[in-house]
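The structure under discussion appears below in the form of structure tokens.
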Amino acid sequence: METSTRDGPAESHGNGNGSVLLPPSEGGISADEIALYDRQIRLWGMKAQEKIRNARILLITMKALANEIAKNLVLAGIGSLTVVDHETVTEADLGAQFFLSTEDHHVGMNRAVAASAAIQRLNPRVRVAVDTADIRTKPPAFFADFDIVIATDLDAQTLNVINTATRLNNRAFYAASSHGMYGFIFADLIEHDFVIERTKSNLATSLGPETKTRSIVAVSPKKDSSGGDDPKIELVTKRELYSTWLLASDVSKLPDDILKSSRRRKVVTPVLSCLRALWEFTTLYGGVPSSNDHAALAQFTRLCGDKHKALGLPVETLRSEVLRSFLQNIGAEIAPVTAVLGGQLAQDVINVLGQTQQPIQNFVIFDGSTLDANVYALHPDDALGKALLLLPGSGSVGVQMAGMGVPAISNGGVGTFGATILPPVVPSVDPSQVIALDD
């Protein structure tokens, strides 16, 4: 396995997990890089660009959504991108994945390998690595070598275990997936500080909580061109706290300001309920509901109703046409949708690296039928951030995870659960609950 660079293949070296790990470039940004990235440097500054330049990003599963994420991050000038995918390219992959083509005979090749050359051509300054192993075989230590981990188009159980591994290593984590006209982005940055620049008010800025997740932790005057304090501008450091995929994707409720308003509850997208139902369905049954399996469709419909009710949303907003459309879109890749989701996720990664913008908190739910991409802060009532799951040196993570129903991670790999999971019995079917997909 090797990494492509502008000077040719680089020598493989790493941590023994099958991936190529390259150190960040030494020295400051060159004049050539300043010219290349001039427009974005004007937007977010030289310091932010230097952080971006040294960033090590792990991108899991190279499908249409990951194509968009990789394109945007590589063009922005990140330090290195490691792509992990153990699957091979199929004819279906050629439809919406622009790094692949029939001319290059990509069908039958590993997906990460097939895409890597095109990714490298976008920006030869970025170090691109390929790992063809199954991400579920990686031990938790594997994720410590990256600043940000992005997992795309994976099942809920795998996302949960990867997120646990990133928490163990104190690494930022994103999850995302697209299903035809629908999709989501999830962020667990654990605790993230960012600095905003704003005009001073007549009242002094107070330290302390602004919302359930965000606090002001520091305030300082901005320095002017002479090195003195600017009397009109202040720098405010804010901290956002996050929760895990396990909690945010299922048991966490909507924010109180939404739940207390009947008007706001009515405009919450029912796609959130459908996604939660899909995540539970795939966890229980190991796959998505088949259009030919009436029992599976009835079970999925029931799960959607349960999730909708648990979120406190009015039953009339979960219409049969919404369920039918969602089911018809599961597993599909539509290029404009992946472009929107991939662009938004990549931009948030850039914002997080630069630490000058408010990041996603913590779910984006995209509904292509209405062209809405709404952000929902889904968190448990308990502690957030580092207090949610104890990090190394502050207690037993395994005990806490077991207490939430999550098997402890073994050294054998993040996919090692140490138990046989038997499929549950599908309940008897009420014919009135079955969604007909051919209406």
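The values are calculated or read from the model by the stated rules, or taken from the named source; none is laboratory data. Because the structure is predicted, anything quoted here is derived from the model rather than measured. A quick note on method: Cβ atoms are made from the backbone with ideal geometry, for glycine too, and the neighbour counts reach across all protein chains shown. Side chains included, ligands, DNA and RNA excluded: accessible areas come from the protein's heavy atoms. Shrake-Rupley method; radii C 1.70, N 1.55, O 1.52, S 1.80 Å.
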Q | F173, sole failed condition from (1) in contact with a Ser or Thr (Cβ under 7 Å, 6 or more places away or on another chain); (2) in a helix (DSSP H, G or I) | A | (2)
Q. Before we move on, is V195 without any contact (Cβ under 8 Å) to a residue 40 or more places away in the chain and open to solvent by 50 Å² or more (accessible area, probe 1.4 Å)?
A. no
Q | Odd one out for T88, checked against (1) of a type in the set (S, T, N, Q); (2) open to solvent by 40 Å² or more (accessible area, probe 1.4 Å); (3) closer than 15 Å to A129 by Cβ; (4) at pLDDT 80 or above | A | (3)
Q) Since T166 meets every condition but one in (1) assigned to a helix (DSSP H, G or I); (2) over 23 Å from N351 (Cβ atoms); (3) at pLDDT 95 or above, which condition does it not meet? A) (2)
Q) Filter region 92-109 for residues that are open to solvent by less than 60 Å² (accessible area, probe 1.4 Å) and either touching a helix residue (DSSP H, G or I) at 6+ places or on another chain (Cβ under 9 Å) or on the phi > 0 side of the Ramachandran plot (or both); which is modelled with the lowest pLDDT? A) A96
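Collect the residues in region 369-393 that are assigned to a loop (DSSP other than H, G, I, E, B) and open to solvent by less than 10 Å² (accessible area, probe 1.4 Å), keeping them in residue-number order.
Listed by number, the residues that qualify are L378, L389.
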(Q) As an exercise: evaluate V236 against (1) farther than 30 Å from T158 by Cβ; (2) open to solvent by less than 20 Å² (accessible area, probe 1.4 Å); (3) touching a Pro at 6+ places or on another chain (Cβ under 9 Å); (4) aliphatic (A, V, I, L, M) and give the number of the one condition it does not meet. (A) (3)
Q) When you scan region 153-171, how many residues do you find that are over 27 Å from I330 (Cα atoms), among the charged types (D, E, K, R) and either surrounded by fewer than 24 Cβ atoms within 10 Å (Cβ to Cβ) or within 13 Å of the chain's Cα centre (by Cα) (or both)? A) 1
Q: Just need a number here: residues in region 317-356 that are in contact (Cβ under 8 Å) with a residue 40 or more places away in the chain, of a type in the set (D, E, K, R) and open to solvent by 30 Å² or more (accessible area, probe 1.4 Å).
A: 3
Q. Can you find even one residue in region 320-328 that is charged (D, E, K, R) and under 30 Å from R53 (Cβ atoms)?
A. no
(Q) Just to be sure I understand, how many residues within region 101-112 are over 17 Å from S80 (Cβ atoms) and either touching a residue at least 24 places away in the same chain (Cβ under 8 Å) or of a type in the set (A, V, I, L, M, F, W, C) (or both)? (A) 4
Q | Residue that is nearest to the chain's Cα centre (by Cα), among those in region 111-152 that are part of a loop (DSSP other than H, G, I, E, B) and surrounded by 21 or more Cβ atoms within 10 Å (Cβ to Cβ) | A | F146
**Q.** Hey, S273 among the small types (G, A, S) and surrounded by fewer than 16 Cβ atoms within 10 Å (Cβ to Cβ) or not
**A.** no
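With in contact with a Leu (Cβ under 9 Å, 6 or more places away or on another chain), in a helix (DSSP H, G or I) and within 27 Å of I150 (Cβ to Cβ) as the only criterion, which of V288, V349 stands out?
Matching residue, one of V288, V349: V349.
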